[in-house]
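So the structure is just underneath, and the comments pick up after that.
The values are calculated or read from the model by the stated rules, or taken from the named source; none is laboratory data. The model shown is predicted, which means the values in this text are computed figures rather than measured ones. In this analysis, Cβ positions are derived from the backbone assuming ideal geometry, glycine residues included, and neighbour counts consider all displayed protein chains.
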Amino acid sequence: MKAIITIITVMFLFVSCTNREKDFEKVKNSISDDQMKTFVETISGDSFKGRMPFSQTEQKTIDFLAQELKNIGFEPAFGKSYFQKVPMVGISSQVIGEVTLDFASKWKYGLFQSNKISLRSTEDVAIHSSRPVEKIEIEEAEMVFCGFGINAPEYGWNDFDGLSVKNKLIVVMINDPGLYSENNDKNFFNGRDLTYYGRWTYKFEEAARRGAVGVLIIHDDYGAGYGYSVASRSAQMTNLYINDPESLMNRCKIEGWISSDAASKIFLKLGYDLSELRSAAAKRGFKSFEMKTKFSCLINNTKEDKKSYNVAGILKGSSKSNETIIITGHWDHFGVVKNIIKSDEGKIDSIYNGAVDNATTMAWALEIGRSFKKLKHRQEHSLMILFPTAEEQGLLGSKYYVEHPAIPIDKTIACLNNDMMVPRGKMKDLMLIGYGYYPKLDSLYESAAKKQGRYVTSDPDARMGLFFRSDQFSFHNKGIPSSWAMGCYDSRENGKEWAHDSWNKFLKEVYHTTKDEYDPNWDWSGIVEDTQIAFEVAYRLCNE
């Protein structure tokens, strides 16, 4: 009798699992671009004015997202609300007068004379202050060149060895020494793949830890992964921060960038070729040095205490609702620029619409949620869709969320994030940014991609450090398995070269410009496939 009961039980479980799997496959195959297109066209339209936090259209944006979550059947994630208040402060910095560098020239009689040059803001230097005070003044701060501005004991590297930079202004290279390693040596930092030590955020943090009065990063397109215009534009905008005055006052007085041209002139005056200096600084044994130059500037800050909002909905699990998988895609972009920009067609355009960055991803997240709601059998773990605020200002919304989670962070199983999904047709590759950090998560993507005849690849251009530049990084820092996966570099129809060129064209000509607008001629078939893969990975995580 017991044997018969056992057989019946096994048969029941087999039939149940088979039915669930058939249901899953049916829903996965029903994923389409119909509602994604409508969503992107709407939320990236001019009426949303570029979705800038603090702007007049923030409320319109978050209300729209909350309604979308409600429409697909997701409950509020924060108690009875879809909104999580994120206390923030906006600081606008204006350089007053000139930024001056004073080089001391020694006369043959042992006397010194002043030899000053001026730097233009923001053409030569793009600087701001994170401190919530009205006036920031630096008067004749000694300048020190500190290589790449890195202290990395695990790599046996310290650009500050034997050198005090307290109350001094440091100048550093962007990226990390591994970018310039011979033969892409993975044992030297991470070869040409960027480590966090190469990020501008780390360099600002390390300078502050050492008591520097300021930090200037020497820009170059290759090391940064974007043009100097991005840094220049950022310095002209209101920069947002989590409203923590004590933490902000512990940052350097000034932070920012210096253009490659301006840096070349400065170091040439000191007797150095910038390119040769960069190569030397990337080799072991290089010693940082005093520049025998003094830096002065005056900045007026305008501070505005505000609040912005994360938006999130949840589809509770059938048996383990206190554990969740999170799907993320930031809602914010850059709003309206002060100086009117003309398009290639001569049209006046001042709105950063953010269609690709990041309306396409929000549409992707909602389609995943819509698919889960279609399932006949509710998933076991909860599924949360989170639209963080202020990603463009340093992942602020997601950083705040992981410190104040709706479900305890140790009950968060994984974060599947996406960003900048360009509708360019079907891709053979699935670029998994952060590939190798979480092998079990990688294997789920590999299995799902294989069903579509695709292959998983790491980011072939990881020198840009995309893993550190979107919201999955906030979860990664808390030890949560996190990913960013999308087709990118191998087009089914047009091949690898075309895919690579079209992606680079987007980054160079469209990324963070007013050209990032909805195009009715986009080919969404690749994003549909990416959505199917993400749905499958999330489904496995939610049920296994």
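Observations on the model:
- Any hit, region 42-50, residues being modelled with pLDDT under 90, surrounded by 14 or more Cβ atoms within 10 Å (Cβ to Cβ) and within 27 Å of residue 89 (Cα to Cα): no
Yes/no matrix, rows are residues, columns are (1) acidic (Asp, Glu); (2) in contact (Cβ under 8 Å) with a residue 40 or more places away in the chain; (3) touching a helix residue (DSSP H, G or I) at 6+ places or on another chain (Cβ under 7 Å):
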{"residue": "236", "(1), (2), (3)": "no, yes, no"}
{"residue": "246", "(1), (2), (3)": "yes, no, no"}
{"residue": "253", "(1), (2), (3)": "no, yes, no"}
{"residue": "257", "(1), (2), (3)": "no, yes, yes"}
{"residue": "262", "(1), (2), (3)": "no, yes, no"}
{"residue": "275", "(1), (2), (3)": "no, no, no"}
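- Each residue in region 323-350 was checked for being at pLDDT 95 or above and outside any loop (DSSP other than H, G, I, E, B), and 6 of them qualify.
- Subset of region 353-387 [under 13 Å from residue 68 (Cβ atoms), in a helix (DSSP H, G or I) and touching a His at 6+ places or on another chain (Cβ under 9 Å)]: 359, 362
- Criterion violated by residue 90 - all others in (1) within 25 Å of residue 513 (Cβ to Cβ); (2) modelled with pLDDT of 95 or more; (3) not in a loop (DSSP other than H, G, I, E, B) satisfied: (2)
- Members of region 201-235 found to be over 18 Å from residue 158 (Cα atoms) and among the hydroxyl-bearing types (Ser, Thr, Tyr), listed by number: 222, 226, 228, 229, 232, 234
- Scanning region 152-177 for residues that are touching a residue at least 12 places away in the same chain (Cβ under 8 Å) and assigned to a strand (DSSP E or B) turns up 152, 157, 169, 170, 171, 172, 173.
- Number of residues in region 282-299 that are part of a strand (DSSP E or B) and more than 28 Å from the chain's Cα centre (by Cα) equals 10.
- Positions within region 129-151 being part of a strand (DSSP E or B), within 15 Å of residue 212 (Cα to Cα) and not polar (S, T, N, Q), in sequence order: 136, 137, 138, 139, 140, 141, 142, 143, 144, 145
- All of 189, 160 fail the test of being surrounded by 20 or more Cβ atoms within 10 Å (Cβ to Cβ), among the aromatic types (Phe, Trp, Tyr) and over 19 Å from residue 253 (Cβ atoms), apart from 189.
- Test result for residue 254, under 30 Å from residue 62 (Cα atoms) and among the aliphatic types (A, V, I, L, M): no
- When region 371-401 is filtered for residues that are under 30 Å from residue 234 (Cβ atoms) and surrounded by fewer than 22 Cβ atoms within 10 Å (Cβ to Cβ), the ones remaining, listed by number, are 394, 399.
- Criterion violated by residue 118 - all others in (1) assigned to a loop (DSSP other than H, G, I, E, B); (2) closer than 20 Å to residue 256 by Cβ satisfied: (1)
- Residue pairs meeting the criteria (Cβ under 8 Å; at least 6 apart or on separate chains; first of a type in the set (Phe, Trp, Tyr), in region 369-386; second in a loop (DSSP other than H, G, I, E, B)): 372/379
- Residues being modelled with pLDDT of 95 or more and either not in a loop (DSSP other than H, G, I, E, B) or not assigned by TED's automatic domain parsing to the domain that holds residue 536 (or both) - total across region 476-504: 16
- Listed conditions (1) at pLDDT 95 or above; (2) outside any loop (DSSP other than H, G, I, E, B) are all met by residue 31, apart from (2).
- Cβ-Cβ under 8 Å pairs, at least 6 apart or on other chains, region 115-127 side closer than 17 Å to residue 138 by Cβ and surrounded by fewer than 23 Cβ atoms within 10 Å (Cβ to Cβ), far side β-branched (Val, Ile, Thr) and modelled with pLDDT under 95: none
- Subset of region 459-488 that is touching a residue at least 40 places away in the same chain (Cβ under 8 Å) and of a type in the set (Gly, Ala, Ser) - its residue that is farthest from residue 393 (Cα to Cα): 487
- Some residue of region 204-215 being over 24 Å from the mean Cα position of the chain (by Cα), in the same structural domain as residue 155 (by TED's automatic domain parsing), surrounded by fewer than 15 Cβ atoms within 10 Å (Cβ to Cβ) and among the aliphatic types (A, V, I, L, M): no
- Residue count for region 396-405, restricted to those that are more than 24 Å from residue 535 (Cα to Cα) and either assigned to a loop (DSSP other than H, G, I, E, B) or among the acidic types (Asp, Glu) (or both): 2
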